[in-house]
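What follows is calculated from the coordinates using simple rules that are stated; it is not laboratory data. Because the structure is a prediction, the values reported are computed rather than measured. Counting neighbours? That spans all protein chains shown, and the Cβs are built from the backbone with ideal geometry, glycine included.
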């Protein structure tokens, strides 16, 4: 249930059970369980990109949507990445908020939220967050994981049972309202 802006009582106004339920019980429940969602991809998909500009990892399956009361949202990501060669590559990540482009770019961080060197074809863990996206208006917000490479091909794995790669973890992308 959503958070309801508390009522301002008038002097000598009678306190009712209905008001207590809405403004105390329901609001406490909303604060204890804020909107959150995560997507876990452990289905054998091998995502790849050669893009040198930020693009969605998977615009259909690696995004989360929250209906918020307005304010701040924390977002995070973890996964397993590799590159197409033993030449060091740079893989960068960002988050698109409501189709408005990358969050980090809007903050002036042209390199993204996180850039990591992908040193070889051997899979390695990558992650960012949590990051705080501030001052979102109340309403429905969609967060989409973006990535890019500085050259070559980058891969994100979503399969913990792939015999070709060790130490893999599922691709996990999440968001949670915090205010």
For this session: Mind ranking 38-51, 135-148, 10-23 by how tightly packed they are, going by the mean number of other C-beta atoms within 10 angstrom, highest first?
Result: 135-148, 38-51, 10-23
Problem set entry | By average C-beta atoms within 10 angstrom, highest first, the peptides 72-82, 92-102 | 72-82, 92-102
For this session: With the Cα gyration tensor of the range 87-143 in hand, convert its eigenvalues to equivalent ellipsoid semi-axes via √(5λ) and list them largest first in whole Å.
Result: 27, 12, 9
Problem set entry | Largest to smallest principal axis extent of the C-alpha atoms in the range 1-144, angstrom | 75, 33, 21
Exercise. In nm, to one decimal, how far is the modelled label at residue 109 from the one at residue 26, with both set 7 Å along Cα→Cβ?
Worked result: 3.7
